[in-house]
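See below for the structure under consideration.
The values are calculated or read from the model by the stated rules, or taken from the named source; none is laboratory data. Being a predicted model, the structure only gives us computed values, none of them experimental. Counting neighbours? That spans all protein chains shown, and the Cβs are built from the backbone with ideal geometry, glycine included.
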Amino acid sequence: LNAVAKQHRKLYFGTATNNEEFTNDTAYLNVIKDSRMFGQLTAANSMKWENTEPSPGQFTFADADQFVRFAQRNGQILRGHNCVWHQQLPDWVLDGTFTESEILAAVERHCGTLLEYSINDALNASEDSWDVVNEVINDDGTFRQDVFFNTSGTKYIAAAFRAARAADPHAKLYANDFNIEGPGPKVTAYHNLIKTLKKEGVPIDGIGIQAHLIVGQLPSNITENLESFTKLGVEVALTELDIRMTLPSTPQLLAQQKKDYETVISACNAVKGCVGVTVWDFTDKYSWVPGTFTGEGDACPWDDNLQKKPAFFGIIDGFNA
Ligand code: G3I
C-alpha cells in the first residue's frame, strides 16, 4: 500500500502498532516489516506519557527504543504519539496539584525530552512528525477541561509546541484529534486555534485527522474539510484511520467498508497538503474498537487471520483515484 501511495503523489501509508504485536506474532511481523506495504509507523502506546515519564523527570525509553529500532531496520518513517494527552498519564500528573508555572514546566520538559529523544534516535528524523497535543478540543468546540487546561488555560498548548520545536527544528509538529473529518463546531474551533497559534508565532505545522469512522456514515465533504485546514497554512494527515461496523459483518457491510476506505483515501489523495495516511493497526486481531464499542468491530483492512479484506483493495483504488 505504501508503494501505491508513493506512486502518484509521494504520500505515505502507515500503521499504528504495539511492541508485543511485532515481537510475538510472526505472521503479523511478516506483513508489517515490509516498507513497500507500510512506509510509516506510529507507536500506539509505547511513547505515551505514562510509559516515557512514569515519575517526574525520570524518563524511560525501553519500549520506545524497541519500536524505533524496529522502524529503523525496516526503513520506515515515524510519527511520534504523543506529547500531551489527557489519557494514559502517570498518576503524578493526573492527581498532582500544580501551579501554572509548574504545569507549563512539566509540559515543556516532557515534550522537549521526547523530541530530543526522537531526533537523536530516529533514522529519517527530518521526515518524522509528532502529535504534540492530542484531543485538546471537545466535540462542542470548547477546550477540554483536563489537568493542563484547568491549570494553565490554553497556555500549555503553545508551551508544548515551542518546547518541541526548540528540541527538534525539523519534525513536523501537529495537533491531532477525532471527529474533525467533516465541518462542525469542533473543526471551527481548530481553525480558530490554528489562526491564534500562527498569529502568536507558535510553531504548528499540521493537523492530524484521526478518522475513526463508521461504515456507511462518512461525512459527505471530507475533501473540502481537508482543504479548509490546508488553506490556513498547515498540512494534514489522516493519522488513525479505521472504519468500524456493527457485528457480525456481512458481505454488504464489507463492500460498503471498501467503498468508505476508498472515499477517505481518495480525499487525502486529492488534497495537495495531505501528506499521508496511517491506519490504527492494520488487522482486526489487534484493533482497539471491540474493547471500546461493544458489538462493533472489523474496522481494519486485514481480518483477524491476517487475510486482506475488500477494504484493502478500496485503499488501492483510493490512491489510484
Ligand atoms: O499495558 C497494560 C497491561 O500491562 C495490562 O495487562 C493490560 C490489561 O488491560 O492493559 C495494558 O494497557 C492497555 C494499553 O492500551 C496497552 O495495551 C490499556 O488497558 C488500554 O486502555 C490501552 O488502550 C489504548 C488507548 O489508546 C487508551 O485510550 C489503545 O491500545 C490505543 O490504541 C488507544 O489509542 C488512541 C490514541 O492514542 C488516540 N486516539 C484514539 C485511539 C483509540 O482509542
* Asked: Looking at (1) within 24 Å of PHE13 (Cα to Cα); (2) under 20 Å from the mean Cα position of the chain (by Cα); (3) modelled with pLDDT of 95 or more, which is the only condition PRO183 fails?
  -> (1)
* Structure fact -> When (1) in contact with a Gly (Cβ under 6 Å, 6 or more places away or on another chain); (2) buried (at least 24 other Cβ atoms within 10 Å of the Cβ); (3) closer than 22 Å to GLY141 by Cβ are applied to VAL234, the one that fails is (2)
* To do: Pick out the one residue from GLU227, GLU116 that is among the charged types (D, E, K, R), crowded, with 17+ Cβ neighbours inside 10 Å and part of a helix (DSSP H, G or I).
  => GLU227
* Structure fact -> If we keep only residues of the range 73-103 that are part of a helix (DSSP H, G or I) and aliphatic (A, V, I, L, M), then the residue farthest from the chain's Cα centre (by Cα) is ILE103
* Asked: Which pairs have Cβ atoms under 9 Å, sit 6 or more apart or on different chains, and link a residue in the range 226-241 that is more than 16 Å from the ligand (Cβ to nearest atom) and modelled with pLDDT under 95 to one that is of a type in the set (Asp, Glu) and not in a helix (DSSP H, G or I)?
  -> none
* Collect the residues in the range 289-304 that are outside any helix (DSSP H, G or I) and touching a residue at least 12 places away in the same chain (Cβ under 8 Å), keeping them in residue-number order. => PHE293, GLY295, GLU296, GLY297, ASP298, ALA299, CYS300, PRO301, TRP302, ASP303, ASP304
* Asked: With respect to PHE70, is the statement that it is touching a strand residue (DSSP E or B) at 6+ places or on another chain (Cβ under 6 Å) and under 24 Å from GLU240 (Cα atoms) true?
  -> no
* To do: Look through the range 9-32, keep the residues that are more than 16 Å from the ligand (Cβ to nearest atom) and within 21 Å of SER129 (Cβ to Cβ), and return whichever of them is surrounded by the fewest Cβ atoms within 10 Å (Cβ to Cβ).
  => LYS10
* Residues being without any contact (Cβ under 8 Å) to a residue 12 or more places away in the chain and within 16 Å of the ligand (Cβ to nearest atom): count how many of those fall in the range 88-101. => 1
* Asked: Within the range 15-29, which residues are assigned to a strand (DSSP E or B) and in contact with a helix residue (DSSP H, G or I) (Cβ under 7 Å, 6 or more places away or on another chain)?
  -> THR15, THR17
* Residue identified as surrounded by fewer than 22 Cβ atoms within 10 Å (Cβ to Cβ) and in contact with a helix residue (DSSP H, G or I) (Cβ under 9 Å, 6 or more places away or on another chain) among ALA167, ALA171 -> ALA167
* If we keep just the residues of the range 42-53 that are farther than 15 Å from CYS300 by Cβ and out of contact with any His (no Cβ under 7 Å at 6 or more places or on another chain), which is farthest from the ligand (Cβ to nearest atom)? -> THR52
* Asked: Name the residues in the range 30-54 that are part of a loop (DSSP other than H, G, I, E, B), under 21 Å from ASN176 (Cβ atoms), out of contact with any strand residue (DSSP E or B) (no Cβ under 8 Å at 6 or more places or on another chain) and touching a residue at least 40 places away in the same chain (Cβ under 8 Å), would you?
  -> ASN45, GLU53
* Asked: Any residue at all in the range 51-66 that is surrounded by 17 or more Cβ atoms within 10 Å (Cβ to Cβ), hydrophobic (A, V, I, L, M, F, W, C), closer than 13 Å to SER118 by Cα and out of contact with any helix residue (DSSP H, G or I) (no Cβ under 9 Å at 6 or more places or on another chain)?
  -> no
